[in-house]
Amino acid sequence: MASPFRKDFLWGGACAANQFEGAWDVDGKGPSVSDMCTNGTHEQAKRITTQIRPNTLYPSHEAVDFYHHYEEDIALLGEMGFKTFRTSINWARIFPTGEECEPNEAGLAFYDRVFDCCKQYGIEPLVTISHYELPYALVEKYNGWADRRLVDCFFRYCETIFKRYEGKVKYWLTFNEINCGMAPLGAVLSTGLIRGYEGPVDQAPTTQQERFQALHHQLVASAKVVKYAHDNYPDYRMGNMMLFTPTYPLTCNPDDVIANQRNMQKITWFCSDVQVRGAYPYYTKRLFEELDVTLVTEPGDDEILRQGTVDFYTCSYYVSNCISGDPSRTHNSGGNLVDGIKNPYLSASEWGWQIDPKGLRYSLNEIYGRYGIPIMVVENGLGARDVLEEDGSVHDDYRIDYLRQHIEQMAEAAKDGVYLMGYTPWGCIDLVSASTGEMAKRYGLIYVEKYDDGTGSLARRRKDSFYWYQNVIRTNGEEL
Ligand code: BGP
């Protein structure tokens, strides 16, 4: 049977600078928010510190050292047949404190080398401009995105990289999982509302007011740079990036249905409604009244949002959850940044993330039905413990099963008529977990010998999933 995927489907994988580059203070780079985070576990949250503490492990500092292994790593991605590679530029490598007059040439030159190397293997870079790499100096000075002045800092950073990588990069995503700024962890990693705060990353004291205000600044910044790119670089394709967690009504009780609809509006649709449609959605007024949020805006903001709509929609997809209208029901199911109630029909990963391949088909139809623009799934995958055999092999059939089931559902969505541009499963090279700081929670098709205590040779190994995915790409998804 012919592949349901487009001929130009962008098969690939995704990583983020802060989670795999390491070299956190090399060649003039400044510390980012992620560099101030210690390691943690599923049970014990990682901590953010205001200074680098002695005798403390900061997993991003070395990570898996892509900075010094990029040639070897990109060659492996090329061997798998990648058409695209999603990675981020580390803002703090380009503007170490966020406000220098001149960018850091050594940082810019590093990404030249990375993109040139991708080109050598026919791999199209897909660049996230901001993926938890806010220069920590902007937290100290401005309390992160709480301050409107970050819009200008971000704009200058974008002007710089758009100009520098013209001809090398075509696909750009503004903010990784922009909606995570509503959640406590996102208020640390994404919006940086933590001036002076030292403690567990899930307990930083922020209010809804502060979080939505910071989000407004990011939404304005995103729209400004999208418009700027459209005006100055007509070849550029600009995307948003959402954490997409579909939630279902726990039962067919209309109270559950309404509660779920409202939850979806707030968590899952709110930011993309702005980024795709160019205005705050109709339900904003009531939502803000209920959350006691009053936005401070500037004249012209509406115009900026209207003019800066994205060309394509992207999201991460890992889990689904259930929502009840009964406030006494406790949320007992996890996920990346958002939680909910367990779904009795689904199993979960060791980290409590519910596995729901059909939810992906459902989600893609919902997104396409709402917006009608091309969609790319830019994160998906199974965080699991792997066993490295003595002969260097890793038999990760559980990961192959997970990916196969999700690709099958993407194929169904494509047959349903959804315009799917591509698929980049998360952490194609093992890397540091964003939520826990662990190495043991691995997503990769490529194993890296690096462990939770910070030790390891950093040697790269091909997992079984590496060969499986190579064949998926070769057959454009016909052989799963
Ligand atoms: C998303 C982030 C990634 C990534 C992934 C997996 O929320 O965009 O940065 O890490 O989730 O999450 P984790 O690393 O916590 O398992």
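Applying the selection to the range 375-409, what residues are out of contact with any Asp or Glu (no Cβ under 8 Å at 6 or more places or on another chain) and away from the ligand (no atom under 16 Å from the Cβ)? Within the range 375-409, Ile375, Val387, Glu389, Glu390, Asp391, Gly392, Asp401, Arg404, Gln405, Ile407, Glu408, Gln409 qualify. Scanning the range 19-35 for residues being touching a helix residue (DSSP H, G or I) at 6+ places or on another chain (Cβ under 6 Å) and either within 13 Å of His68 (Cα to Cα) or within 16 Å of the ligand (Cβ to nearest atom) (or both) gives a total of 10. I'd like to know if the range 247-258 contains one or more residues that are touching a residue at least 24 places away in the same chain (Cβ under 8 Å) and more than 30 Å from Pro344 (Cα to Cα). Checked against the condition, which is being touching a residue at least 24 places away in the same chain (Cβ under 8 Å) and more than 30 Å from Pro344 (Cα to Cα), the range 247-258 yields no hits at all.
Is it fair to say Thr247 is away from the ligand (no atom under 15 Å from the Cβ) and under 24 Å from Glu298 (Cα atoms)? It is false that Thr247 is away from the ligand (no atom under 15 Å from the Cβ) and under 24 Å from Glu298 (Cα atoms).
Is one or more of the residues making up the range 421-436 over 21 Å from Phe85 (Cβ atoms) and within 22 Å of the chain's Cα centre (by Cα)? Write out each step before concluding.
First, the residues of the range 421-436 that are over 21 Å from Phe85 (Cβ atoms): 435-436.
In the following step, the residues that additionally are within 22 Å of the chain's Cα centre (by Cα) were identified as 435-436.
Scanning the range 421-436, I find at least one residue that is over 21 Å from Phe85 (Cβ atoms) and within 22 Å of the chain's Cα centre (by Cα), so the answer is yes.
From the list Ala109, Ala75, pick out the single residue that is out of contact with any strand residue (DSSP E or B) (no Cβ under 8 Å at 6 or more places or on another chain), free of Cβ contacts under 8 Å to residues at least 24 places away in the same chain and under 23 Å from Leu458 (Cβ atoms).
On the way: Ala75 fails: free of Cβ contacts under 8 Å to residues at least 24 places away in the same chain.
Only one candidate passes the filter, namely Ala109.
If you check Thr245 against the conditions, is it at pLDDT 95 or above, within 30 Å of Ile355 (Cα to Cα), under 24 Å from the mean Cα position of the chain (by Cα) and part of a loop (DSSP other than H, G, I, E, B)? When the stated conditions are applied, Thr245 passes them.
With the structure loaded, tell me whether Gly334 is within 16 Å of the ligand (Cβ to nearest atom) and closer than 22 Å to Tyr132 by Cβ or whether it fails that test.
Working: within 16 Å of the ligand (Cβ to nearest atom): yes; closer than 22 Å to Tyr132 by Cβ: yes.
So Gly334 fits the description; yes.
Note on the range 251-353: enclosed helices (runs of 4 or more DSSP H) holding 2 or more residues that are under 28 Å from Ser435 (Cα atoms) are 254-263, 270-277, 284-291. On inspection, Gly186 does not qualify as assigned to a loop (DSSP other than H, G, I, E, B), among the small types (Gly, Ala, Ser), surrounded by 24 or more Cβ atoms within 10 Å (Cβ to Cβ) and touching a residue at least 12 places away in the same chain (Cβ under 8 Å). Contact map, the range 19-36: residues that are aromatic (Phe, Trp, Tyr) paired with residues that are more than 16 Å from the ligand (Cβ to nearest atom) and outside any loop (DSSP other than H, G, I, E, B), Cβ distance under 6 Å, separation 6+ or inter-chain. Pairs shown: Trp24/His61.
Residues in the range 414-424 that are small (Gly, Ala, Ser) and surrounded by 23 or more Cβ atoms within 10 Å (Cβ to Cβ): Gly422 only.
Taken over the range 428-480, the criterion of being polar (S, T, N, Q), touching a residue at least 60 places away in the same chain (Cβ under 8 Å) and surrounded by fewer than 23 Cβ atoms within 10 Å (Cβ to Cβ) is satisfied by Ser435, Thr436, Gln470, Thr475, Asn476.
The values are calculated or read from the model by the stated rules, or taken from the named source; none is laboratory data. Just so we're clear, the structure is a prediction, and the values are computed from it rather than from any experiment. Cβ: placed from backbone, ideal geometry, glycine included. Neighbour counts: every protein chain shown.
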